[in-house]
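Undergrad: Dropping the structure in here first, questions after.
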Amino acid sequence: QVQLVESGGGLVQPGGSLRLSCAASGRKISIYGMAWYRQAPGKQRELVAVIQNGGRTNYTDSVKGRFTISRDNAKNMVFLQMNSLKPEDTAVYYCNKLAPINWSWGKGTLVTVSS
């Protein structure tokens, strides 16, 4: 059973930065493509950033140039560096593997961008 624990969220002003971390246990994530997802109030969960097992990355258009996903396979962790944050980035952020998603979701970490 894989457990995912996200951390690093908080309240930040527009234009600020945060670094999210995701710690996985129960299975080595090195062979999997991993991703960050987010769910804003009243909206469906969306895919934000992807990192393949080989390191290739992809981002949804709204965060390109502002967010950077990375991974440390030795530590079984995935990270999301978020810069130039906007109010529309406010959401609960989750990490998980790429589809098909058959791992349980963690609790996520709340990011609030507000002045």
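The values are calculated or read from the model by the stated rules, or taken from the named source; none is laboratory data. These numbers come from a predicted model, not from an experiment. Reconstructed Cβ throughout: ideal geometry from the backbone, glycine too, with neighbour counts over all protein chains shown. The area values use the complete protein model at the heavy-atom level, side chains included, leaving out ligands, DNA and RNA. Shrake-Rupley method; radii C 1.70, N 1.55, O 1.52, S 1.80 Å.
Undergrad: How about the range 1-21: which of its residues are over 16 Å from the mean Cα position of the chain (by Cα), farther than 15 Å from SER84 by Cα and surrounded by 15 or more Cβ atoms within 10 Å (Cβ to Cβ)?
TA: Across the range 1-21, the qualifying residue is only VAL2.
Undergrad: I would also like to ask the following. I'd like the full set of residues that are aliphatic (A, V, I, L, M), in contact (Cβ under 8 Å) with a residue 60 or more places away in the chain and part of a loop (DSSP other than H, G, I, E, B), limited to the range 62-101.
TA: If the condition is that a residue be aliphatic (A, V, I, L, M), in contact (Cβ under 8 Å) with a residue 60 or more places away in the chain and part of a loop (DSSP other than H, G, I, E, B), then LEU85, LEU98 are the ones that fit.
Undergrad: Filter the range 22-31 down to the residues that are more than 8 Å from the chain's Cα centre (by Cα) and crowded, with 20+ Cβ neighbours inside 10 Å, then identify the one that is nearest to LYS97 (Cα to Cα).
TA: Step by step, filter the range 22-31, then rank; the result is ILE29.
Undergrad: Of all residues in the range 32-50, how many are open to solvent by 90 Å² or more (accessible area, probe 1.4 Å) and part of a strand (DSSP E or B)?
TA: 0
Undergrad: If you don't mind, another one. Considering each residue of the range 57-106, count those that are among the basic types (Lys, Arg) and either open to solvent by less than 40 Å² (accessible area, probe 1.4 Å) or under 12 Å from the mean Cα position of the chain (by Cα) (or both), and give that number.
TA: Number satisfying all stated conditions: 3.
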